[in-house]
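The values are calculated or read from the model by the stated rules, or taken from the named source; none is laboratory data. Every value quoted in this text rests on a predicted model; they were computed, and no experiment measured them. Here the Cβ is made from the backbone with ideal geometry for all residues, glycine too, and neighbour counts use every protein chain on show.
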Amino acid sequence: MIKVDPWGAQKYDYEKLFENFGIERFDEHVWKDLPSPPFFFRRGIVFGHRGFDVIKKSIKEKKPWVILTGLMPSGKMHLGHKIVMDQVIYYQSIGADIHIAVADIEAYATRGYSLKEAEKIAINEYILNYIALGLKPCNIYFQSKNEDVKDLGYILAKKSNLSQVNAIYGFNGSTNMAHVFSPFIQAGDILHVQLDKYGGIRPTLVPVGFDQDPHIRFCRDIASAHRLYSVIKKDRIGVFIKVDKNVDKLLDIAEGIAKKYGYGYERNDAYKAIYIDSDNAQQIDFELAMEERKLGGYGFLLPSSTYHRFITGLDGNKMSSSRPNYAIFLSDDIKTAKKKIWNAKTGGGVTIEEHRKQGGKPEKCMIYELFTYGLIKDDKELGEIYKKCRAGEQTCGQCKKLALDLMEEFLDNLKEKREEARDVVKEYYHGYKNKD
């Protein structure tokens, strides 16, 4: 049984995740007709999803949708963190409303950082880099300063219990209660963007690494628990009333929607259900959610999620801020980056002669992975490097030299833009103060 720890460091057999956790594959048929599909789609870096079809429909129909992502202010930002921002910036370019949570409450509860320490790390290590990478003005907020998120987290906790939380997260008798409550704050983060104050009910996408999937599953369960209706699509669409009060009124509302979007329907009062002959489950669910909101409910749509592969550390293990010698940080100078790259694990032969004779294994090379994760954007150029490596025509030294040149250009450009970002950071969230 695979155990997923959102606060630990793990490596995954990604193929097993589809079967064990019910996520769907993010194959070419999912992304091929999206606008200008980016490298992280084309190269399979984003590999799985839950409910992305809802997001895709909103993109194609140019209807409102929202991104909620977050950052844990507990270390320096490295290339593994950058892949999330690459996605956010792409989604912003095609119409997403962007909200970014600084998880300072979670950093306090799980990593021992004070709120003041977390704020300093968030600004200098993450937010400035986000802007330098190309993020346009959006809503960045701190959990500790957003009363709506905290209030919603508390309210959502009403329909959960300790057994459920322990089963998902593996908490035990020694877990501090701030840590126990942090998943509810996460749920408040994800769902508060559907409150009227923040844009209303609309499809919500959370791009994450698979280690964060417990938060996604937990939030989807909580969102469902606060619905008055459940919508299930099989041969027909089944709309079921989940409460025992005002059942007739709720059935009348569902019947009215069935008449709009179904080419036939059946009402079954005994089962508190409407069965609809229709292919438009998403629109029916949205209309029902809107009706719930009018009745004083929340009507949250289940959040969607995508999952990306973690970039590997330069020694072949997971890239992590806690292992600085094997991670490329966005604040590294080129001298430091050069030393790390020259010492990186490669897929080449032990000697140049052996490499020329037997060829290399780029799929096991950390330098080639740097190219794959955006250091080289052109697929044709990347493919040429792969072929030359496999044929033994391009040596590890040549690839490292290319990586150094590209990394120097990237880091120098980012450093310049990061300094410029200090002048505009207040456009991204309220309460910014210049830090020494």
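Summed over region 167-188, the residues that are closer than 18 Å to Gly112 by Cβ and part of a loop (DSSP other than H, G, I, E, B) give a count of 4.
Quick one: in region 21-43, which of the residues that are among the hydrophobic types (A, V, I, L, M, F, W, C) and farther than 27 Å from Phe218 by Cβ is surrounded by the fewest Cβ atoms within 10 Å (Cβ to Cβ)? Talk me through it step by step, then tell me what you get.
Of all residues in region 21-43, those among the hydrophobic types (A, V, I, L, M, F, W, C) come to 21, 23, 26, 30-31, 34, 39-41.
Retained after the next criterion (residues that are farther than 27 Å from Phe218 by Cβ): 34, 39.
On the way: Leu34: 16, Phe39: 18.
Looking at the filtered set, the residue picked out is Leu34.
Here Ile67, Ile98, Ile94, Ile105 are screened, and the one residue that is surrounded by fewer than 20 Cβ atoms within 10 Å (Cβ to Cβ), assigned by TED's automatic domain parsing to the domain that holds Phe26 and within 18 Å of Val206 (Cβ to Cβ) is Ile94. Of the residues Met366, Met407, the single one that is buried (at least 20 other Cβ atoms within 10 Å of the Cβ), within 28 Å of Ala132 (Cβ to Cβ) and touching a strand residue (DSSP E or B) at 6+ places or on another chain (Cβ under 9 Å) is Met366. Restrict the check to region 102-110 and report whether at least one residue is in a loop (DSSP other than H, G, I, E, B) and at pLDDT below 95. Yes, that holds for at least one residue. Here Lys426 meets each of (1) over 27 Å from the mean Cα position of the chain (by Cα); (2) surrounded by fewer than 14 Cβ atoms within 10 Å (Cβ to Cβ) with one exception, condition (1). Inspection of region 308-319 finds a residue satisfying the criterion of being of a type in the set (Ser, Thr, Tyr), farther than 30 Å from Ile59 by Cβ and buried (at least 21 other Cβ atoms within 10 Å of the Cβ).
Would you say Asp248 is more than 30 Å from Arg25 (Cβ to Cβ), charged (D, E, K, R) and part of a loop (DSSP other than H, G, I, E, B)? No, not satisfied. Just one of the numbered conditions (1) out of contact with any strand residue (DSSP E or B) (no Cβ under 7 Å at 6 or more places or on another chain); (2) farther than 21 Å from Ile190 by Cα is not true of Arg309: (1).
Residues in region 271-307 that are over 29 Å from the mean Cα position of the chain (by Cα) and on the phi > 0 side of the Ramachandran plot: Lys272, Gly296.
Scoring Leu375 on the criteria (1) touching a residue at least 40 places away in the same chain (Cβ under 8 Å); (2) crowded, with 17+ Cβ neighbours inside 10 Å; (3) aliphatic (A, V, I, L, M) leaves a single failure, condition (1).
The lone criterion from (1) under 27 Å from the mean Cα position of the chain (by Cα); (2) surrounded by fewer than 14 Cβ atoms within 10 Å (Cβ to Cβ); (3) of a type in the set (A, V, I, L, M) left unmet by Ala391 is number (1).
Return the residue satisfying two criteria in turn: it lies in region 201-249 and is of a type in the set (Ser, Thr, Tyr) and under 18 Å from Tyr261 (Cβ atoms), and of such residues it is surrounded by the most Cβ atoms within 10 Å (Cβ to Cβ). Give the steps one after another, and end with the answer.
First pass over region 201-249, keeping only residues of a type in the set (Ser, Thr, Tyr): 204, 224, 229-230.
Imposing the further condition that a residue be under 18 Å from Tyr261 (Cβ atoms) reduces the set to 229-230.
Values: Tyr229: 24, Ser230: 14.
Across region 201-249, the extreme among qualifying residues is Tyr229.
Scanning region 334-363 for residues that are within 28 Å of the chain's Cα centre (by Cα) and touching a residue at least 40 places away in the same chain (Cβ under 8 Å) yields Ala337, Ile341, Ala344.
Anything in region 185-200 that is at pLDDT 95 or above and either surrounded by 19 or more Cβ atoms within 10 Å (Cβ to Cβ) or under 14 Å from Ala109 (Cβ atoms) (or both)? List them, or say none. If the condition is that a residue be at pLDDT 95 or above and either surrounded by 19 or more Cβ atoms within 10 Å (Cβ to Cβ) or under 14 Å from Ala109 (Cβ atoms) (or both), then Ala187, Gly188, Asp189, Ile190, Leu191, His192, Val193, Gln194 are the ones that fit.
Here's the yes/no breakdown for (1) in the same structural domain as Gly170 (by TED's automatic domain parsing); (2) of a type outside the set (A, V, I, L, M, F, W, C); (3) within 30 Å of Glu15 (Cα to Cα):
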| position | (1), (2), (3) |
| --- | --- |
| Ile216 | yes, no, yes |
| Lys233 | no, yes, yes |
| Val239 | no, no, no |
| Asn246 | no, yes, no |
| Leu250 | no, no, no |
| Ala258 | no, no, no |
| Gly262 | no, yes, no |
| Ile284 | no, no, no |
| Leu288 | no, no, no |
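Total residues in region 87-114 satisfying the condition of being in contact with a Phe, Trp or Tyr (Cβ under 6 Å, 6 or more places away or on another chain) and not small (Gly, Ala, Ser): the figure is 3.
The residue that is surrounded by the most Cβ atoms within 10 Å (Cβ to Cβ), counting only those in region 70-80 that are touching a strand residue (DSSP E or B) at 6+ places or on another chain (Cβ under 8 Å) and free of Cβ contacts under 8 Å to residues at least 60 places away in the same chain, is Pro73.
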